[in-house]
Structure formats: structure tokens, C-alpha cells
Amino acid sequence: MSERKVVKLGGSVWDTLHHDYFTEWKEWVEAGNELILLHGGGPRLSAYCESQQIKPVFQNGRRVTTEDVLTGATRVLAGEMQTEIVTALGRSDMNAVGLSGVDGRMLTGRQIKELGAVGEVETVDVSLIELLVQNHYVPVVTSILFGTNGALNCNGDDCAVAVACALKADHFEMITDVPGIRINGTVQQTLTVDAMQQAIESGAIYGGMIPKTEALRSALDGGVALAIIRDGNDPTATGTQLKEGHDERTTSHIWATSH
Ligand SMILES: Nc1ncnc2c1ncn2[C@@H]1O[C@H](COP(=O)(O)OP(=O)(O)O)[C@@H](O)[C@H]1O
Ligand SMILES: CC(=O)N[C@@H](CCC(=O)OP(=O)(O)O)C(=O)O
């Protein structure tokens, strides 16, 4: 029975991504399974903004997006980043196809007005992705949404989990530049939903890790059996898996020591 894996590839780790990931993905696809890649490109987009004398501004890990930033987002995410990823997959003998949410109106977005030209995913039409995977292509999707008044920038993690849930993925992996979620200096192999929420409130989880942990939670709520953060620099590392339920001991431990 074929399995379906959705992988979110973080822009933070793309430049140093361990090559064994390509081998792992190739073997996964060759074994008859399905692979769908989602990607961001936050650091490259920030570099673009700085080159244009635009100061990057974030709120809870999501970028405030003016029209000029949106131009950069389409150039960097749907252009430079996506072409590099599709090319790298091709060099590892995988037939990848680059897309964003505007293709076939696959991902429509509702604007989050206080962040500017930013959207949250409103609808996911999986038919284009299904068409590609049935024909043994690896879809590579970036987080630009189809909005009523034009394209919208979407956080890569928010976008990835919406796609993972709509596709009823068996696995959802978020590959990033750290070995997992650290609380008080220790990488957590598992984290309960309650402990995660308290770690966000205490500031132990901050910045770009906030949308990532929220995405893990949405994946669990959306019925994805395995939702995990993995280290892009080390494919053998355990990572952090989010667990349902309550763990009073872990929760109070984090609460007590992170203040
Ligand atoms: N508790 C935490 N544990 C690990 N990393 C954290 C934590 N809180 C915040 N971070 C930050 O989150 C970053 C990953 O988010 P981000 O830079 O948005 O990655 P990506 O580009 O892969 O989506 C890490 O590099 C780290 O600086
Ligand atoms: C609205 C919003 O925050 N969009 C993100 C899209 C790119 C992204 O998410 O990149 P990573 O996956 O590398 O973090 C941004 O502009 O940075």
C-alpha cells in the first residue's frame, strides 16, 4: 500500500541541506510512495528586501508584506528558490514540477489585512497535485496564494500543513535548521500540545518556530498520523514529534523552568 508524505523544506536550511535527504526521497518514490514538497525561502526573501533597502518586519513569525515585498516574494519563492529545488531534485533523478498556489487556483487565500498582502489558506484544490503524483512527478509547491485582489504571501509552514491535511497525508515533516524544538536547552523528542502552547506563551518557542509548532498541531487536528520537525543538517536525528493529550509532569516542568 502506497503512503503519502508531505515535506516542508525550510528556507533556513536549503543552502546546507544534507544530501542524504535526496537519497531518502528518491528511495521513497521508487518504492511506490508519494512525495509532495512544500517550500519557503524566508532568509533569501529577507536578503532581497535588504538589497532593496526594505527592513524585514515579522509578527509571530509571519512577514508584514507591502506590495514591494510581495514582488520580492514572487521573485524569490516562485522563481529563484523553486528553480533551485526542482533542479536539485532533477539532478537526483526525480521528476519534479514547480508550482505555487496560483497555479490552477490550487490554494486560495483570505487576506490577513493587518499583515498587508498576506493570506491564510482558505481552500485547497488537490486535483493538480493528484494528477502529478499519479503520473510519478514530485510536486514542489511554494507559499504564494491566489487572492481575490491578486497574489498573497503565505507563511510556508501554514501553507504546507493546509496541503498536508487536504491531501490526507500519512506523514508530515518540517525540515529546518535546528535538530528540533528546544526547551531550556534540550531538544524535545516529543512534545504534548499543552506543553507546546505553554512554551509559546513563556517565550521558549519564538519567531519562526511559532508557525512551525502551530502547523504540527493543525496536522494532528487534521488527522495526519505522524507530524514531526526534522534537522535538515542531519537526516539521522530524531527530531521533535508533537503528541496529542496532556502531560502534567512535562507541562509543569516547562512552565516552572522557563520563567
Ligand atoms: N524553542 C525553539 N527550538 C528551536 N528553534 C527555535 C525555538 N524557538 C525559536 N526557534 C527558531 O526557529 C528557527 C526555525 O524557524 P525558521 O527560521 O522560520 O525556519 P524555516 O525557514 O526552516 O521555516 C530556528 O532557527 C530557531 O532560531
Ligand atoms: C507571510 C510569510 O511569513 N511568508 C513567508 C514565506 C516564506 C517562508 O515561510 O519561508 P520559510 O519557510 O523559509 O520560513 C516569508 O515572507 O518569509
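A short reminder: the numbers here are calculations on the coordinates, not readings from a lab. Being a predicted model, the structure only gives us computed values, none of them experimental. Cβ coordinates were reconstructed from backbone atoms using ideal geometry, including for glycine residues, and neighbour counts include every protein chain displayed.
A few points about this structure:
- Couplings 3J(HN,Hα) for the range 66-74, derived from phi with the Karplus relation 6.51 cos²θ - 1.76 cosθ + 1.60 (θ = phi - 60°), are 7, 4, 5, 5, 4, 4, x, 4, 5 Hz, where x marks Gly and Pro.
- Taking amide H positions as modeled 1.01 Å from N, with prolines and chain starts lacking one, no residue 5 or more places away or on another chain lies under 5 Å from Y137.
- Residue list for the range 142-185, given a label point 7 angstrom along the Cα-to-Cβ vector of A47 and an amide N cut-off under 16 Å: 177
- Placing a label point 7 Å from the Cα of T190 along the Cα-to-Cβ direction, the residues of the range 209-244 whose backbone N falls under 11 Å from that point are 241-244.
- For the residue pairs K113/K212; K5/K113; K8/K55, the alpha carbons lie more than 24 Å apart in K5/K113; K8/K55.
- Placing pseudo-labels 7 Å out from each Cα toward the beta carbon at K55 and Q197 gives an inter-label distance of 3.5 nm.
- Projected label points at E27 and D234, each 7 Å from Cα along the beta carbon direction, are separated by 1.9 nanometres.
- Considering helices alone, the calculated mean residue ellipticity of the chain at 222 nm is -10000 deg cm²/dmol, with DSSP H runs of length four and up weighted by -39500 (n - 2.57) and normalised per residue.
- Computed over the Cα atoms of the range 4-257, the ratio of the radius of gyration to the Kirkwood radius (Rg/Rh) comes to 0.95.
- Phi to ³J(HN,Hα) by Karplus 6.51 cos²θ - 1.76 cosθ + 1.60 over the range 52-65, Hz, x for Gly, Pro: 9, 6, 9, 7, x, 10, 10, 10, 6, x, 10, 7, 6, 10
- Phi-derived couplings, Karplus 6.51 cos²θ - 1.76 cosθ + 1.60 at θ = phi - 60°, listed residue by residue for the range 175-191: 9, 9, 8, 10, x, x, 7, 9, 10, 6, x, 10, 6, 8, 6, 9, 9 Hz, with x used for Gly and Pro.
- Under 5 Å, built H, 5+ apart or other chain: amide partners of T190: Q241
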